[in-house]
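The values are calculated or read from the model by the stated rules, or taken from the named source; none is laboratory data. Just so you know, these numbers come straight off a predicted model, no measurement behind them. All Cβ positions, glycine included, derive from the backbone under ideal geometry; neighbour counts span all protein chains shown. The area values use the complete protein model at the heavy-atom level, side chains included, leaving out ligands, DNA and RNA. Shrake-Rupley method; radii C 1.70, N 1.55, O 1.52, S 1.80 Å.
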Amino acid sequence: MAKYQDKEQNKTIGTMELLAPAGSFEAFKAAVENGADAVYLGGKSFNARANAANFDLEELRKVVQYAHEREVKVYVTVNILIADKEFPELCDYLYELYEIGVDALILQDIGVASFIQKVLPELERHGSTQMTINNSWGMSLGERLGFQRVVLAREVNAQEMKEISANSSLDIEVFVHGALCICYSGQCLMSSYIGGRSGNRGCCAQPCRLPYQLVNHEGVDLLAKANVGNYLLSPRDLNFVEELRHLQECGVNSLKVEGRMKRPEYVATVIGVYRKALDHILRKEKSKKSCEQKETLNSKGLNSKELNSTGISDEERRDLLQIFNRGFSQAYFHGHPGAELMSYERPNNRGVVLGKVTNNISKRLEIKLETFLRPGDGLEIWTRKGREGITVDRIWLGKKEVREGKPGDIVQIYFSGKVKPGVQIYKTYDYLLMEKARVSFQEGKEQRKRPLRMRLSGSIGEKLTLEAWDRENVAKIQSQTFSQKAIKRPLTNEVAYKQLSRLGNTPFWLENLVLDVEEELMIPVSELNEMRRQVVEELLSLKVKNISVSPDEYQERLRIWSEELAQKREEAHREELTRYNKETSDKEGTDELLELAAKRITVAVSNLEGVQAALKSGAKRIAFGGERWRSRKGFSLQDVEKAIGLCLEKGAEPIWRLPRVLNESQSKWWFETLKKAQGWEQPPKMMVSNLGEIEMIKALDPTWPFEVDYTLNVFNESALAYFLELGAQGITLSTELERSQVEVLAQWGKTEVMVFGDLEMMVSEYCPIGATLGGKKEEYCSAPCVKGSHYLKDRLKYQFPIETDLECRMHLFNSRVLNLYQDLGTLEKMGVNRIRLQLDRANPMQIENTFKVFLNRWKDALQESRQENEDNKVKGYLEELYPEGFTKGHFSRGVL
């Protein structure tokens, strides 16, 4: 992108791209015709909006051609986790996208990103917000993967954007308008665990938009008297139209509008307003340069008030509200907004306030208007039955029927329900706004065109030459016939311009024509028309992307990649088998087998107290740390060092788990903390929970041993191979895998499967406890989270535990504890290397007893022995330890 130097900010400022969503061809045209620089959309497979109409391959060809002819880019989303069995289809799909000429892919899956880097690096790749990249270290891993751009997590604030931009060579893309996820994208498993519909697979059921109660351990509704609203996880929508210059100063390259599930009229309206605001910024920059050069106001007459404005009108601000809103927010851009982030009262479109009811008699509703009302508008009215929606058919002003009610008018509409005076009425559908939006992308009335210059030259008796230039290419053709000397009507500039400017539904308009022909020359009008058609066709053909990788070459690359992957799998499997045989060759006694089993069980705990409990029970592999819960005893750096010493004394392997989310400032703190740990006598092995932590560790010591936690969503062999190539010594698999998928990945060895413990569904900067009970905003909160246990209770009476960490993030857990005790024999036969007990919320007694139970069963699995009666006893015992109940997660059912 073109860049210049902003002297006041001493910051490189770039022209920002306006990136629009499209879930259908109509929405795509709405985006292009209303000023989008680029459009992102999904194919029929492999994208995070599986319920949108999306595009098949023929539609994608049509889309790319239409867009490129109008100098608009097309980005295709391949932003879900991909199963191994889907890779053959994915390989074909990716090459088809390359042949079609898409401008970039938006990716989530590390395995897919690694695959494309090796097999088809000619495709530009962007890291999806689903990768949870929110700091400079994460950007570094994006660079390692060959990305050209990263879509930052929505939780990144303005200062962090500036720092990330300054520290990275990659482009930065941010969401600026539309729906906001309450959880860090890519880390939300709520829909997955509750209903089997995974957001990481494009099938999110949006349980965050459902009603919940905030309750204590006794089930008491803590907000019953607060009248807050029931939608405790439903945030407002983003709206950054007033912040575009600020975003520009932060180094943002692309402004992304959310909305692939929205109707075309929504896309047209939002993109149109943002286009106007962006163009205003460009005019201001030109005016600023002109002022600096001339020391006067610019030639286009922008005065000081206009120079400080956003360039959009109050009516256009209302249009953004009217087309769809849950209330607007800038999320965390200016700091932590607390409850102001949320739409507690309703999870859907609010529309705009139409007015208040003044009377309700004889099936007519009398309203004092605050905005315009017209036939065809849709209203939402609160009645005794709840919300009722109607479409306005007729409007009366006094006794006269009118076609429009104006602000301040008291009008009547037909309505048979009962409404009390004083109730507010909302307009949720504006007929005129929708019609205006539809006209903007109406078929056959396209306005998005680019300028074309032409030169027609030649002499009498020769073929004429027509040259045409757009901003990038030049085309030249000759007439089919020879020109002649005119008898009556020689060719004039007026005639030539009239014929050559008839560019119809092409993506061009004739900006300039140079006529350089001999006087008295004549050529038939039909010949001019044919020359115009041919030169446009030639020019458009030059826009077609050159394919440098042939199908045969691609197949050869695929063959090499597949063989290398198989070889790595075989080597890893052989290495694991050798290690296993060595460990078990002389271990026949019960104690020896118990020790072997203990080494193949990871006990994950949160603090020193948990480490001591695990060691007391005989654990030989302990992962400690991760989140630092406010409900538990602290875990200082000194405690970590002490935990390492205790583990080594007992012959146990210590592993230090890092948090799953680190923002820019927190990553700096952790970097300095790990520097200190480097100086310890025996620095521990690390377990990384996000992509940036890998880069952080490697920056400190490229040989520092580390493992990969389940939060990095390892879902296929390609992802597994990538992390092993980076040096990972162990990988905990995604908790969304089902048994056949686990079996494939277990062949690699070094894999770990979570078999017991709390399943974290969500991590969020927003905390419902602090926001509703603690006055949370910016840095302040009265910390009610430490005053007992808290849960979110849903409509079915399930209670989901809430934990808060020292960074005031909310962690929401499943209402049931994962328990694969009865499947341990199956896992061992699959070749699973290690199992994980996730006990970071368990008390010391639970830690001790749970480990002992699983140790004995895992030892039996190694011996291929099992006692049904013992299993039934253990089942009852575990139910006493964990009365909340159990789930098998996705091990048996998988996810959509």
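Find the strands (runs of 3 or more DSSP E) located wholly in the stretch 350-394 whose residues include 2 or more that are touching a residue at least 12 places away in the same chain (Cβ under 8 Å) and under 16 Å from residue 422 (Cα atoms), and list them. Reasoning before the result, please.
Working: elements: 352-361, 364-369, 378-383, 386-391.
So the answer is 352-361, 364-369, 378-383.
Looking at the stretch 447-474 only, could you name the residues that are in a loop (DSSP other than H, G, I, E, B) and under 51 Å from the mean Cα position of the chain (by Cα)?
Of all residues in the stretch 447-474, those in a loop (DSSP other than H, G, I, E, B) come to 447-449, 459-462, 470-473.
Correct list: 447, 448, 449, 470, 471, 472, 473.
If we keep just the residues of the stretch 540-576 that are surrounded by 13 or more Cβ atoms within 10 Å (Cβ to Cβ) and of a type in the set (Gly, Ala, Ser), which is nearest to residue 830 (Cα to Cα)?
572
If we scan the stretch 660-672, do we find a residue that is under 25 Å from the mean Cα position of the chain (by Cα) and among the hydroxyl-bearing types (Ser, Thr, Tyr)?
So in the stretch 660-672, the residues under 25 Å from the mean Cα position of the chain (by Cα) come out as 660-668.
Pick out the ones that are also among the hydroxyl-bearing types (Ser, Thr, Tyr) and you get 665, 667.
There is at least one residue in the stretch 660-672 that is under 25 Å from the mean Cα position of the chain (by Cα) and among the hydroxyl-bearing types (Ser, Thr, Tyr).
Starting from the stretch 612-641, keep only residues that are touching a residue at least 24 places away in the same chain (Cβ under 8 Å) and over 25 Å from residue 801 (Cβ atoms), then list their pairs with residues that are among the aromatic types (Phe, Trp, Tyr) and assigned to a helix (DSSP H, G or I) whose Cβ atoms are within a distance under 8 Å, requiring at least 6 positions of separation or different chains.
Hits for this filter: 618/851.
Determine if the stretch 370-391 includes at least one residue that is more than 23 Å from residue 433 (Cβ to Cβ) and in contact with a Ser or Thr (Cβ under 9 Å, 6 or more places away or on another chain).
No; the residues of the stretch 370-391 include none that is more than 23 Å from residue 433 (Cβ to Cβ) and in contact with a Ser or Thr (Cβ under 9 Å, 6 or more places away or on another chain).
Restricting to the stretch 493-505, what's the tally of residues that are free of Cβ contacts under 8 Å to residues at least 60 places away in the same chain and open to solvent by 20 Å² or more (accessible area, probe 1.4 Å)?
The initial filter retains those residues of the stretch 493-505 that are free of Cβ contacts under 8 Å to residues at least 60 places away in the same chain, namely 493-504.
Now restrict to residues that are open to solvent by 20 Å² or more (accessible area, probe 1.4 Å): 493-495, 497-498, 501-502, 504.
Looking only at that region, the number is 8.
For the stretch 632-658, which residues satisfy the criterion of being part of a loop (DSSP other than H, G, I, E, B) and within 21 Å of residue 850 (Cα to Cα)? Walk me through how you get there before you give the answer.
Residues of the stretch 632-658 that are part of a loop (DSSP other than H, G, I, E, B), as a first pass: 632-636, 650-652, 658.
Answer for the stretch 632-658, where residues must be part of a loop (DSSP other than H, G, I, E, B) and within 21 Å of residue 850 (Cα to Cα): 632, 633, 650, 651, 652.
Tell me, yes or no, whether the stretch 825-842 has at least one residue that is in a strand (DSSP E or B), open to solvent by less than 10 Å² (accessible area, probe 1.4 Å) and of a type in the set (D, E, K, R).
Of the residues in the stretch 825-842, the ones in a strand (DSSP E or B) are 834-838.
Filter once more, keeping what is open to solvent by less than 10 Å² (accessible area, probe 1.4 Å): 835-838.
Add one more test, that the residue is of a type in the set (D, E, K, R), and what stays is 836.
Scanning the stretch 825-842, I find at least one residue that is in a strand (DSSP E or B), open to solvent by less than 10 Å² (accessible area, probe 1.4 Å) and of a type in the set (D, E, K, R), so the answer is yes.
Per-residue answers, yes or no, for (1) of a type in the set (D, E, K, R); (2) open to solvent by less than 10 Å² (accessible area, probe 1.4 Å); (3) part of a loop (DSSP other than H, G, I, E, B):
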{"site": "50", "(1), (2), (3)": "no, no, yes"}
{"site": "63", "(1), (2), (3)": "no, yes, no"}
{"site": "68", "(1), (2), (3)": "no, no, no"}
{"site": "85", "(1), (2), (3)": "yes, no, no"}
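May I ask you to list pairs of residues, at least six apart or on different chains, whose Cβ atoms are under 8 Å apart, with the first in the stretch 135-162 being without any contact (Cβ under 8 Å) to a residue 24 or more places away in the chain and the second being assigned to a loop (DSSP other than H, G, I, E, B)?
Qualifying pairs under 8 Å: 152/133; 152/134.
Would you check which residues across the stretch 514-549 are of a type in the set (Lys, Arg) and either touching a residue at least 24 places away in the same chain (Cβ under 8 Å) or within 12 Å of residue 491 (Cα to Cα) (or both) and list them?
Our first condition is that a residue be of a type in the set (Lys, Arg); within the stretch 514-549, this holds for 532-533, 543, 545.
Selection gives 532, 543, 545.
Within the stretch 592-605, is there a residue that is free of Cβ contacts under 8 Å to residues at least 12 places away in the same chain, outside any loop (DSSP other than H, G, I, E, B) and out of contact with any Cys (no Cβ under 8 Å at 6 or more places or on another chain)?
yes
Of the numbered conditions (1) crowded, with 18+ Cβ neighbours inside 10 Å; (2) in a helix (DSSP H, G or I); (3) of a type outside the set (Phe, Trp, Tyr); (4) touching a residue at least 40 places away in the same chain (Cβ under 8 Å), residue 609 satisfies every one except a single condition; which is it?
(1)
Regarding the stretch 417-424, can at least one residue be identified that is touching a Phe, Trp or Tyr at 6+ places or on another chain (Cβ under 6 Å) and either in a loop (DSSP other than H, G, I, E, B) or surrounded by 14 or more Cβ atoms within 10 Å (Cβ to Cβ) (or both)? Steps first, answer last, please.
Taking the stretch 417-424 first, the residues touching a Phe, Trp or Tyr at 6+ places or on another chain (Cβ under 6 Å) are 423.
Imposing the further condition that a residue be either in a loop (DSSP other than H, G, I, E, B) or surrounded by 14 or more Cβ atoms within 10 Å (Cβ to Cβ) (or both) reduces the set to 423.
The answer is yes, given that some residue of the stretch 417-424 is touching a Phe, Trp or Tyr at 6+ places or on another chain (Cβ under 6 Å) and either in a loop (DSSP other than H, G, I, E, B) or surrounded by 14 or more Cβ atoms within 10 Å (Cβ to Cβ) (or both).
Given the criteria of a type in the set (Gly, Ala, Ser), at pLDDT below 95, open to solvent by 50 Å² or more (accessible area, probe 1.4 Å) and over 39 Å from the mean Cα position of the chain (by Cα), does residue 362 qualify?
Numbers: of a type in the set (Gly, Ala, Ser): yes; at pLDDT below 95: yes; open to solvent by 50 Å² or more (accessible area, probe 1.4 Å): yes; over 39 Å from the mean Cα position of the chain (by Cα): yes.
Yes: the conditions hold for residue 362.
For the condition surrounded by fewer than 18 Cβ atoms within 10 Å (Cβ to Cβ), hydroxyl-bearing (Ser, Thr, Tyr) and modelled with pLDDT of 95 or more, what is the one hit in 169, 136, 165, 140? Before the answer, list the steps.
Numbers: 136 fails: surrounded by fewer than 18 Cβ atoms within 10 Å (Cβ to Cβ); 165 fails: surrounded by fewer than 18 Cβ atoms within 10 Å (Cβ to Cβ); 140 fails: surrounded by fewer than 18 Cβ atoms within 10 Å (Cβ to Cβ).
Exactly one of 169, 136, 165, 140 is surrounded by fewer than 18 Cβ atoms within 10 Å (Cβ to Cβ), hydroxyl-bearing (Ser, Thr, Tyr) and modelled with pLDDT of 95 or more, namely 169.
I'd like to know if the stretch 806-821 contains one or more residues that are assigned to a helix (DSSP H, G or I), surrounded by fewer than 22 Cβ atoms within 10 Å (Cβ to Cβ) and of a type outside the set (Gly, Ala, Ser). Full working, then the answer.
Residues of the stretch 806-821 that are assigned to a helix (DSSP H, G or I), as a first pass: 821.
Filter once more, so that each one left must be surrounded by fewer than 22 Cβ atoms within 10 Å (Cβ to Cβ): 821.
Remaining after also requiring of a type outside the set (Gly, Ala, Ser): 821.
Looking through the stretch 806-821, at least one residue is assigned to a helix (DSSP H, G or I), surrounded by fewer than 22 Cβ atoms within 10 Å (Cβ to Cβ) and of a type outside the set (Gly, Ala, Ser).
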